[in-house]
Amino acid sequence: MTLAAIFGLAGPVLSPEEAAFFRDVQPWGFILFGRNIENPDQVRALTSALRETVGRADAPILIDQEGGRVQRLPPPYWPTYPPGETYRRLGAAGLSARDFAWLGGRLIAADLADLGINVDCAPVADVPVRGAHDVIGDRAFAEEASEVVSLARAMAEGLMAGGVLPIIKHIPGHGRAGADSHKTAPVVDAALSELEASDFAAFKGLADLPIAMTAHVVFTAVDPDRPATTSPAVIADIIRKAIGFDGLLISDDLSMEALSGDLAGRAKASLAAGCDVVLHCNGSMEEMRRVASASGALSGHAARRAGAALAALPANLAPFDVGEGKARLDRALADLALS
């Protein structure tokens with residue numbers, strides 16, 4: 001049995017207690033954070049140990065490597081990449097924004113694949129609005145849905161070309177939120193027609209991509225009582241029907257304060273609402289046990305979507321010169337800084 005959950009871990013080395021727990025519950029995947037990262041050899045050993053523990057060579061290992069302020073692999077071992085908004089600025093400066101967004105994704109994929117990481121929690125497909133909380137801010141590519149679709153798709157295609165699955169986030173949209181969902185539940189009162197024309201439209205244009213992560217945001221026009229992650233109405237009527245997303249749907253982190261109730265209740269509510277897999281990030285063993293007790297097996301449509309996501313990566317990667325690609329991106333960013 002594979003558990004419908006993704007878990008973090010406490011430090012840079014898999015502890016005996018964590019190994020025994022993961023071996024027992026068999027989570028679908030894992031997620032790494034800065035606390036798990038020291039150097040390339042250490043990360044490679046960790047990803048290998050995680051897969052050995054669950055006995056699956058293709059077990060998904062996730063990380064948030066967007067570029068900008070959300071980048072878990074830091075210098076000096078890994079390059080610093082620009083945030084999403086910078087790619088739009090390259091376009092405004094007369095360069096091909098889409099080509100450079102693809103290049104950014106392809107370079108990040110090269111870094112991740114070298115470490116045994118096969119899923120990136122990127123690109124951000126949220127459409128920001130003026131006056132919203134800056135938790136999204138320059139992580140977003142643009143303020144127009146059509147531009148977001150173009151650049152997010154380019155980055156996603158670059159990641160996949162490098163053997164890494166992208167996760168579009170935060171479906172059906174976090175850009176309008178007036179609060180940080182890590183700390184409280186944002187409430188968006190925009191009319192459904194306004195959401196459909198902008199926030200939801202970006203995700204509709206990316207609905208064929210293999211994985212998406214939910215937004216812990218309340219949309220009062222759809223469900224005034226529950227954030228999208230735990231709302232059957234938002235998931236069924238908006239994400240699955242109106243947006244048309246039939247890929248693997250992963251909750252955002254269950255330990256974020258936008259969700260109410262205990263960890264087991266959050267897991268149950270997310271899965272009952274229509275999430276395929278729940279995500280728990282902080283590595284607390286006590287909390288992971290609660291989530292595992294409430295998650296159940298990955299089965300049915302969820303298992304089909306999980307299998308389809310893993311099968312979406314190319315069997316063979318096209319040749320790519322990492323050094324040349326990095327030099328090209330660096331030149332473009334230097335020219336932009338001078339413009």
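Any read-out appearing in this document is the output of simple, stated calculations on the displayed coordinates, not a laboratory observation. Only a predicted model underlies this, so the values are computations on that prediction, with no experimental measurement involved. A quick note on method: Cβ atoms are made from the backbone with ideal geometry, for glycine too, and the neighbour counts reach across all protein chains shown.
Being of a type in the set (D, E, K, R), out of contact with any strand residue (DSSP E or B) (no Cβ under 7 Å at 6 or more places or on another chain) and surrounded by 22 or more Cβ atoms within 10 Å (Cβ to Cβ) is true for just one of ARG304, ARG266. Which residue is that?
Details: ARG304 fails: surrounded by 22 or more Cβ atoms within 10 Å (Cβ to Cβ).
Of ARG304, ARG266, the one residue that is of a type in the set (D, E, K, R), out of contact with any strand residue (DSSP E or B) (no Cβ under 7 Å at 6 or more places or on another chain) and surrounded by 22 or more Cβ atoms within 10 Å (Cβ to Cβ) is ARG266.
Is there any pair linking a residue in the range 219-231 that is without any contact (Cβ under 8 Å) to a residue 24 or more places away in the chain to one that is buried (at least 19 other Cβ atoms within 10 Å of the Cβ), with Cβ under 6 Å and at least six apart or on different chains, and which? Here the result reads ASP223/SER231; ASP223/VAL234, each pair linking the range 219-231 to a residue that is buried (at least 19 other Cβ atoms within 10 Å of the Cβ).
Please determine, by comparing only the residues of the range 202-214 that are over 11 Å from ILE239 (Cα atoms) and touching a helix residue (DSSP H, G or I) at 6+ places or on another chain (Cβ under 8 Å), which one is surrounded by the fewest Cβ atoms within 10 Å (Cβ to Cβ). Here the residue is GLY205. Would you check which residues across the range 148-169 are of a type in the set (D, E, K, R), more than 29 Å from THR184 (Cα to Cα) and crowded, with 19+ Cβ neighbours inside 10 Å and list them? Residue satisfying the conditions is ARG153 alone.
Got a number for residues in the range 92-128 being free of Cβ contacts under 8 Å to residues at least 40 places away in the same chain and either assigned to a helix (DSSP H, G or I) or among the charged types (D, E, K, R) (or both)? Before the answer, list the steps.
From the range 92-128, those free of Cβ contacts under 8 Å to residues at least 40 places away in the same chain are 92, 94, 96; that's our starting set.
Subset that is either assigned to a helix (DSSP H, G or I) or among the charged types (D, E, K, R) (or both): 92.
Counting residues in the range 92-128 that are free of Cβ contacts under 8 Å to residues at least 40 places away in the same chain and either assigned to a helix (DSSP H, G or I) or among the charged types (D, E, K, R) (or both) gives 1.
Scanning the range 80-99 for residues that are loosely packed, with under 15 Cβ neighbours inside 10 Å and small (Gly, Ala, Ser) turns up ALA92, ALA93, GLY94, SER96. Looking only at the range 198-244, count how many residues are more than 15 Å from HIS174 (Cα to Cα), assigned to a loop (DSSP other than H, G, I, E, B) and among the charged types (D, E, K, R). Total satisfying the criteria: 3.
Selection within the range 58-79: residues that are closer than 14 Å to THR2 by Cα and either more than 15 Å from the chain's Cα centre (by Cα) or charged (D, E, K, R) (or both). The member of this set that is surrounded by the fewest Cβ atoms within 10 Å (Cβ to Cβ) is ASP58.
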